[in-house]
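Working notes, beginning with the structure itself.
The values are calculated or read from the model by the stated rules, or taken from the named source; none is laboratory data. Just so it is clear, the model here is predicted, and its values are computed rather than measured. For neighbour counting, all protein chains shown are included, and Cβ atoms are generated from backbone atoms with ideal geometry for every residue, glycine included. The protein model used for the area step is the full one, side chains on, heavy atoms only, and it has no ligands, DNA or RNA in it. Shrake-Rupley method; radii C 1.70, N 1.55, O 1.52, S 1.80 Å.
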Amino acid sequence: MLKRFHAVILAAAMVSACSVNDDNGQQEKSEQGYFERKNVAPDPADNGQSPRKPEHAYARIALDCINRQYPNKISHVLSSAEDVREPAQLTPVFYGCFDWHSSVHGHWLLTRLWGQGSVPEMEDEIAAALSNNFTAENIAGEVAYFNGADRASFERPYGLAWFLQLTAELKEIAAGKGAKAQQAKIWLDRLTPLETVIVDRIRAWVPKLAYPIRLGTHNQSAFAFGLFLDWARISKDKEMEGLIVDKSLAFHRDDRNCPLGYEPSGEDFLSPCLMEADLMRRVMSETEFADWLTHFLPEIPEDGNSDWLAVGIVNDPTDGKLVHLDGVNLSRAWALEGIATALPEGDKRKAALLAAAKLHGETGEQSVSTPHYSGSHWLASFATYWRTERGLNRILVKSDAVKNSD
């Protein structure tokens, strides 16, 4: 797993719409240089200064919400009066953070930072919280809920994708050595019954999906497929990998001229165009993807500017739907980085993609400090996904079928 050094403080000012520049004002074309600037600046916490690293704030947000039952928005089918229960009784692990999927990726956030050693001062607290929730009894309750009547589509595909991201994270930690690896194996063993249910649901659903779901919210298929595929490769599940690769190519290989100018919609937190490209870089060889991208997003400039893609604007951070636009800035950032890193060395589009990623990521990170629960309960996970480069999965190797697809 790529080791990270963390840098940008939570109060970093929004960058202006300009090229990525080095100290001499020359256009920065080095992809590695961008990632270094993002991650190796001195940490104020090292000198006892304030504020501490963003990771501390993100971990605190998740710790404060994973067992916070109310307010709560549940997507729940009632089959009888017996189904009228508190969220913690319905889904005894993932009931906090306002909704099931946010609770899942709140647990993922904690697992990610704990596994990477990003917040050593908080590791004992994080491990205790995860151990308290990841019990065999609690997971049995989650499995029972999933197996209830009329719940075949529960949290499909967004919540299911984030759950597989959680178990993928644990698998990577468990593959290491030491006490953390041993602890991750224990948690993973307890989560496996629910993982089995979820993987079976995905395998049954994907072949029946006749069309891609091109939304900017939870039901989008491209984002979910990307996480499904990452899980399959980390888990070495060739059947799942083949299923997602084949369906992705069938849905999107011939797509052209995605209307990026129509984005974002007023409640988007995922870009339909950029998430599709972020998926396709996972399933195509480098040269094939570069050619596909030329036809799919022909407006990407070659001058290194960031102003070709405006950031999303939130006019009311207390509104749970409008605040989605803070999330679209963060998810765009990680998608833009993913697209850039998948292009061949020397591709002139890389600089503009990374410049836009920097602008969107730093803008999005400012929103995580919102005091409003409508945004804070989930935005920290998006910031962590971007900041730790989770989606890049640099160590993952594409299958021979993908590598030879030219």
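Observations on the structure shown:
- Selection count, segment 360-372, where residues are at pLDDT 95 or above and open to solvent by 10 Å² or more (accessible area, probe 1.4 Å): 2
Quick grid of which residues meet (1) at pLDDT below 95; (2) open to solvent by less than 10 Å² (accessible area, probe 1.4 Å):
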{"position": "Ala149", "(1), (2)": "yes, no"}
{"position": "Gln182", "(1), (2)": "no, no"}
{"position": "Phe225", "(1), (2)": "no, yes"}
{"position": "Ala232", "(1), (2)": "no, yes"}
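- On inspection, Ala136 does not qualify as open to solvent by 40 Å² or more (accessible area, probe 1.4 Å) and touching a Ser or Thr at 6+ places or on another chain (Cβ under 6 Å).
- Test: residue in segment 178-191 that is part of a loop (DSSP other than H, G, I, E, B), in contact (Cβ under 8 Å) with a residue 60 or more places away in the chain and either out of contact with any Phe, Trp or Tyr (no Cβ under 6 Å at 6 or more places or on another chain) or over 21 Å from Ser381 (Cα atoms) (or both): no
- Scanning segment 279-291 for residues that are surrounded by fewer than 21 Cβ atoms within 10 Å (Cβ to Cβ), out of contact with any Pro (no Cβ under 9 Å at 6 or more places or on another chain) and either closer than 30 Å to Asp319 by Cα or in contact (Cβ under 8 Å) with a residue 12 or more places away in the chain (or both) gives Ser285, Glu288.
- Evaluation of Gly346 against the conditions (1) assigned to a helix (DSSP H, G or I); (2) at positive phi shows that the sole unmet condition is (1).
- Scanning segment 296-309 for residues that are in contact (Cβ under 8 Å) with a residue 40 or more places away in the chain and open to solvent by 70 Å² or more (accessible area, probe 1.4 Å) returns Pro298, Glu302, Asp303, Asp307.
- If you go through segment 94-104 and keep only what is closer than 15 Å to Phe134 by Cβ and part of a helix (DSSP H, G or I), you end up with Ser103, Val104.
- Residue in segment 269-278 that is within 23 Å of Trp386 (Cα to Cα), assigned to a helix (DSSP H, G or I) and open to solvent by 10 Å² or more (accessible area, probe 1.4 Å) present: yes
- All positions within segment 234-245 that are assigned to a helix (DSSP H, G or I) and either farther than 16 Å from Ile213 by Cα or in contact (Cβ under 8 Å) with a residue 40 or more places away in the chain (or both): Ile234, Ser235, Lys238, Glu239, Met240, Glu241, Gly242, Leu243, Val245
- Taken over segment 246-259, the criterion of being part of a helix (DSSP H, G or I), in contact with a helix residue (DSSP H, G or I) (Cβ under 8 Å, 6 or more places away or on another chain) and open to solvent by 10 Å² or more (accessible area, probe 1.4 Å) is satisfied by Lys247, Leu249, Phe251.
- Leading residue by the ranking (least open to solvent (accessible area, probe 1.4 Å)) among those in segment 60-74 that are assigned to a helix (DSSP H, G or I) and more than 16 Å from Ser131 (Cα to Cα): Ile61
- Every condition in (1) open to solvent by 10 Å² or more (accessible area, probe 1.4 Å); (2) in contact (Cβ under 8 Å) with a residue 12 or more places away in the chain is met by Gly346 except one, and the failing one is (2).
- Only a single criterion out of (1) open to solvent by 30 Å² or more (accessible area, probe 1.4 Å); (2) under 30 Å from Cys273 (Cβ atoms); (3) within 23 Å of the chain's Cα centre (by Cα) is not satisfied by Trp100, namely (1).
- Some residue of segment 114-131 being buried (at least 16 other Cβ atoms within 10 Å of the Cβ), in contact with a Gly (Cβ under 8 Å, 6 or more places away or on another chain), assigned to a helix (DSSP H, G or I) and without any contact (Cβ under 8 Å) to a residue 12 or more places away in the chain: yes
- Within segment 217-249, the residues that satisfy the criterion of being small (Gly, Ala, Ser) and over 14 Å from the mean Cα position of the chain (by Cα) are Ala232, Ser235, Gly242, Ser248.
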